[in-house]
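Comments concern the structure below.
The values are calculated or read from the model by the stated rules, or taken from the named source; none is laboratory data. Bear in mind that the values here come from a model prediction, so they are computed numbers and not experimental data. Methodologically, a virtual Cβ is constructed for each residue, glycine included, from the backbone with ideal geometry; neighbour enumeration extends over all protein chains shown. Only protein heavy atoms, including side chains, enter the accessible area calculation; ligands, DNA and RNA are left aside. Shrake-Rupley method; radii C 1.70, N 1.55, O 1.52, S 1.80 Å.
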Amino acid sequence: MATQTLSEVRASQPGDHGYRSFSLGEFAFSRDEYFVYVKWPTGTHVMSADTFLKALQRDVAWNFFYGIVNFDAVIGTVNHYGTVDLFAGRYNDAYRKAELDHVENYATPQIRATFEAILADWTNDGFDPFASPAETGNAFGAKNGSNTPAITRRRVVAKRMVGVPGDEVPRSDATGHPVNRHFLDVPQDEPEIHAEPGFEGEVCAFNLFSYLSRSDVTWNPSVVSVCKDSLFCPTTEEYILPVIHGNDRVEWFVQLSDEIFWSVEDRDSGAVRAKVVMKAGDVAAMPADIRHQGYSPKRSMLLVWENADGELPVLLAAGKLPNNPVDF
Ligand code: PHB
Ligand code: FE
């Protein structure tokens with residue numbers, strides 16, 4: 001498996017339905033009105049265009065995230081933090097046993113450029129891959145314009161904390177973030193700060209519930225506070241997490257409001273391991289050797305707590321750290 005270093009994007013002229021086809025290494029991608037087709041030397045795969053674009057949007061916006069981003073049970077990426085694997089059937093027991101799985105490795109900028117080009121060409125006017133199904137137009141039909149503002153949204157990544165001078169700013173009507181229809185009951189008052197004399201410039205606070213109630217996207221953790229490698233990445237969720245995330249480290253979830261159902265599978269084979277129901281106030285530690293997908297019946301608030309220590313994947317793979325952070 002050679003690492004490819006070419007940086008150009010290979011695209012065809014627009015085809016029957018107005019969409020371009022793309023290739024990357026030996027993978028080929030095309031779409032029509034409803035579906036996306038992925039081909040590789042030992043197989044082909046079809047996905048609904050909306051599911052594919054929602055997964056692709058997150059893979060691009062999160063710069064391939066932590067570990068594995070499965071678009072579904074067959075297609076996905078593995079982040080090696082500098083290079084990225086694109087795979088078909090690699091984390092699917094049946095494909096593995098039939099020896100039909102396929103993996104290619106690329107320098108991150110190369111796969112990024114191709115994924116960004118596919119996302120831009122295949123996202124029609126009115127479709128927002130980050131929005132809930134109730135808050136976007138549909139992904140289908142012949143090519144119809146584009147939605148550049150939606151697919152190039154700036155990701156919120158606080159350097160220290162939202163609200164600290166010079167850092168990410170709290171959301172408000174004035175910043176273009178109205179309260180979401182499902183969070184109209186969320187109090188919007190900001191905390192009062194009573195600092196000791198001499199410390200007035202060193203104390204900050206913001207209303208996280210208000211901040212989240214004003215999110216216009218779903219299933220998109222943003223970094224709101226940072227303490228060394230400890231990142232608080234809350235997000236608002238509605239409908240289905242568009243990727244099945246395969247962990248390369250432990251993740252903690254704190255359910256801040258409402259309810260999410262999690263389907264938890266073995267990371268490598270896809271065998272079912274657990275069904276988890278998280279209600280407001282519940283805390284879960286997702287093990288480092290699983291993959292998971294969440295279902296949120298109404299918009300809910302979830303705190304994803306990440307440990308960004310770059311050594312973790314190596315230590316876990318070498319068996320030097322436990323996959324479960326706590327034993328009961
Ligand atoms: C996760 O894979 O842990 C994850 C991703 C996106 C979310 C929530 C959780 O919005
Ligand atoms: Fe995850």
* Structure fact -> With the first residue restricted to segment 125-138 and required to be outside any loop (DSSP other than H, G, I, E, B), and the second required to be open to solvent by less than 10 Å² (accessible area, probe 1.4 Å), Cβ contacts under 9 Å at 6 or more apart or on different chains are GLU135/THR218
* Structure fact -> GLY15 vs (1) open to solvent by less than 10 Å² (accessible area, probe 1.4 Å); (2) over 21 Å from VAL243 (Cβ atoms): all pass except (1)
* Among the residues listed as PRO187, PRO221, PRO170, the single one being at pLDDT 95 or above and either of a type in the set (Gly, Ala, Ser) or within 16 Å of ligand 2 (Cβ to nearest atom) (or both) -> PRO221
* In this structure, is LEU302 within 14 Å of ligand 1 (Cβ to nearest atom) and over 24 Å from PHE64 (Cβ atoms)? -> no
* Structure fact -> Cβ pairs under 8 Å, 6+ apart or interchain, first in segment 217-231 and of a type in the set (Phe, Trp, Tyr), second more than 10 Å from ligand 1 (Cβ to nearest atom) and assigned to a loop (DSSP other than H, G, I, E, B), ordered by first then second residue, are TRP219/PHE130
* Among the residues of segment 215-227 satisfying the criterion of being assigned to a loop (DSSP other than H, G, I, E, B) and of a type in the set (Ser, Thr, Tyr), which is nearest to LYS298 (Cα to Cα)? -> THR218
* Applying the selection to segment 197-251, what residues are over 17 Å from ASN63 (Cβ atoms) and polar (S, T, N, Q)? -> ASN207, SER210, SER213, SER215, THR218, SER225, SER230, THR236
* To do: Scan segment 276-290 and give yes if some residue there is closer than 22 Å to ASN92 by Cβ, of a type in the set (Lys, Arg) and at pLDDT 95 or above, otherwise no.
  => no
* Structure fact -> Scanning segment 217-238 for residues that are more than 11 Å from ligand 1 (Cβ to nearest atom) and in contact with a Ser or Thr (Cβ under 9 Å, 6 or more places away or on another chain), the one farthest from ASP185 (Cα to Cα) turns out to be LEU231
* Asked: Out of all the residues in segment 203-212, is one or more farther than 23 Å from VAL276 by Cβ and either within 16 Å of ligand 2 (Cβ to nearest atom) or open to solvent by less than 20 Å² (accessible area, probe 1.4 Å) (or both)?
  -> yes
